[in-house]
Structure formats: C-alpha cells, structure tokens
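The values are calculated or read from the model by the stated rules, or taken from the named source; none is laboratory data. Small disclaimer: the values here were computed from a predicted structure and weren't measured. Every residue, glycine among them, receives a Cβ derived from its backbone with ideal geometry; neighbour counts consider all protein chains shown.
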Amino acid sequence: MMIVKRFLSAFLATAVLFTGSIQAVQAAMISTEQVAQSAITSKGDQDRANIVNMLSRDEVQAELVARGIDPTEAKSRVAALTDEEASSLSSQLDKAPAGGIIGAILLVFFVLLVTDILGFTKVYPFTRSVR
C-alpha cells in the first residue's frame, strides 16, 4: 500500500509539473480572400526581386547613372511599388527584347519622375512637387 501511495504521489507531482508546460493551440478558419491575398503578395515579392535583379546588372546601373538616377534609390523605389505596379513592370521587362532594356530604364525613369512630381519622393532636383 505504501509503494502505491509513493508511486501515485510521484505520478501526480510529475503530472502537475508538466501541466504548466503544455501550450494551448488555437486554430481558425482561413478565408479564401486571405489565401488569395497571400498568393498576390508572394507574386509581388517575386516581381520586385526580378526587377531588382535587372537593376543590379552592370550595364543597367551604368545607364541609370548616365541618366542621373542613383541605383540604390531606384531599388528602394522598386521596393515601394504596389503589387500591381511591380507585376506590370516585371512583365514589361520580361517581354522586352534583349536590346530593349533601354525602354525599361526609361520606364523606371518616368515612374520616378511622376512620383517626384506628385510629391511622393524627391529624387530629381529639377522637379517641383504639386503638393
């Protein structure tokens, strides 16, 4: 009888010690909109990475500097693009012919110019904000 009491006491003490370490896990339903938004966000991140890879090429950086654009500023602007803008720019870069990279650089230049004029950034010293 004494052995049973000791075993029961040890078992209860161990159970009480491990009870505090058990974590409660809660799960919730995920809506279709949340899944779709997650897919869009990951696609937008892939598009931004594609654009940044293109901007990291030596000849593209040389062309950006020749046009008065700081390559690091251009990369930070790409990070600020919305998913739709990044997708559009990435698809235009993918469709551009090998020699058409100049058109893509001009597109980036004009996007930067428009955001300067709208007052969202200040990249070019020759623009005045409408704000």
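The figures follow:
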quantity	calculated
Qualifying residues in region 76-106 (those that are at pLDDT 75 or above and within 16 Å of Ala62 (Cα to Cα)) - the one nearest to the chain's Cα centre (by Cα)	Ile105
Tally, over region 54-83, of residues that are more than 22 Å from Asp116 (Cβ to Cβ) and assigned to a loop (DSSP other than H, G, I, E, B)	2
Matching residues, region 120-131, being farther than 17 Å from Ser76 by Cβ and either surrounded by fewer than 14 Cβ atoms within 10 Å (Cβ to Cβ) or of a type in the set (Gly, Ala, Ser) (or both)	Pro125, Phe126, Arg128, Ser129, Val130, Arg131
Residue identified as in a helix (DSSP H, G or I) and hydroxyl-bearing (Ser, Thr, Tyr) among Ser88, Ser129	Ser88
So Ile51, is it surrounded by 11 or more Cβ atoms within 10 Å (Cβ to Cβ), assigned to a helix (DSSP H, G or I), in contact with a helix residue (DSSP H, G or I) (Cβ under 7 Å, 6 or more places away or on another chain) and at pLDDT 75 or above	yes
Among (1) surrounded by 14 or more Cβ atoms within 10 Å (Cβ to Cβ); (2) more than 26 Å from Gln37 (Cβ to Cβ); (3) of a type in the set (A, V, I, L, M, F, W, C) - the single one Val78 does not satisfy	(2)
Qualifying residue in region 59-67 (condition: touching a helix residue (DSSP H, G or I) at 6+ places or on another chain (Cβ under 7 Å) and under 30 Å from Gln37 (Cβ atoms))	no
